[in-house]
Amino acid sequence: MDIRCFISINLDEYTQKKVGDIIDVLNKYEADIKWVNPENLHLTLKFLGNTPEERLNLIKEALENVASKYHPFYTKIKGMGVFPNKRYPRVLWVGVENKEILIEIQRQVETEMSFIGYKKEQKEFSPHVTIGRARSSFRIQNVLECLDSYKDYDFGILCVKNIYIMRSDLNPKGPKYTKLYEISLK
């Protein structure tokens, strides 16, 4: 059986709450944006898609190899913005500092996953936490103006101790994420 899954660094409850409070503020503008449920907030390292269940142990072993090369570290969750740009905003995000180590870890994950048959991502990795996806431009300008006031907002420090393999089950109310494996950094 196939499982839809991804590899991530998850936010702690405190940071989820702080980001969730800002999502609540932005949601008051009633723009056509699909907001991420705060308990689902994470930094995606690699989207795997539909994955055969029997491959999960191989993926876990590969991630253990990556995790063994890194000690736990701190990163600041700070700032907000949009991809690809303010003219055509599609993804609303919260920023992450200490990007170099995150980029390095993500490259290692990409390499390990390519060894077991996953295609390497062609786009350059930009560490971020997606908070919403614009479905249309309806009332988006109001959200962007509010977002500007949070462009340097400090959400606090996140201690990164683990990499996760997450299951994603899609349903009408939005995706439900379930932790499959938690792999500790050394």
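Computed from the coordinates by the stated procedures, all read-outs in this text should not be read as laboratory data. Just so we're clear, the structure is a prediction, and the values are computed from it rather than from any experiment. Every residue, glycine among them, receives a Cβ derived from its backbone with ideal geometry; neighbour counts consider all protein chains shown.
Structure summary
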| quantity | calculated |
| --- | --- |
| Karplus (6.51, -1.76, 1.60) ³J(HN,Hα), θ = phi - 60°, over the range 119-126, in Hz, Gly and Pro reported as x | 6, 5, 5, 7, 6, 5, 6, 10 |
| Contact order normalised by residue count of the range 1-108, Cα under 8 Å, 6+ apart, percent | 27 percent |
| As computed over the range 2-184, the Cα convex hull volume per residue (Å³) | 114 Å³ |
| For ASN98, residues with placed amide H under 5 Å, excluding near neighbours | LYS76 |
| Total formal charge among the other residues, if their Cβ is under 15 angstrom from that of LEU58, Lys/Arg +1 and Asp/Glu -1 | -3 |
| Folded to 0 to 90 degrees: helix 99-115 orientation relative to the chain principal axis, Cα | 50 degrees |
| Percentage relative contact order, the chain, counting C-alpha pairs under 8 Å, at least six apart | 34 percent |
| GluC sites (Glu not before Pro) within the range 1-49: DSSP coil, no more than 12 neighbouring Cβ in 10 Å | GLU30 |
| Cα-based radius of gyration of the range 130-178 once divided by 2.2 N^0.38 Å, which approximates compact folds | 1.62 |
| Distribution of pairwise C-alpha distances over the range 97-162, 10 Å bins, in % | 15, 34, 30, 19, 2 |
| Farthest positive-ward along the chain dipole, Cα basis, beta-carbon charges - from LEU26, ILE101, ILE165 | LEU26 |
| Nonlocal amide H pairs with GLY156, under 5 Å, H built at 1.01 Å | ILE77 |
| Percent of Cα-Cα distances greater than 11 Å, calculated over the range 1-46 | 71 percent |
| Using θ = phi - 60° and Karplus 6.51 cos²θ - 1.76 cosθ + 1.60, couplings along the range 77-87 (whole Hz; Gly, Pro as x) | 9, 8, x, 9, x, 9, 10, x, 6, 5, 6 |
| Among PRO89, LEU45, GLY117 - extreme Cα towards positive end, dipole of the chain, charges at beta-carbon | PRO89 |
| Gaussian network model of the chain, Cα within-10 Å springs - most flexible of ASN85, ASN162, ASN27 | ASN85 |
| For the chain, size of Cβ-based charge dipole, Lys and Arg +1, Asp and Glu -1, in debye | 380 debye |
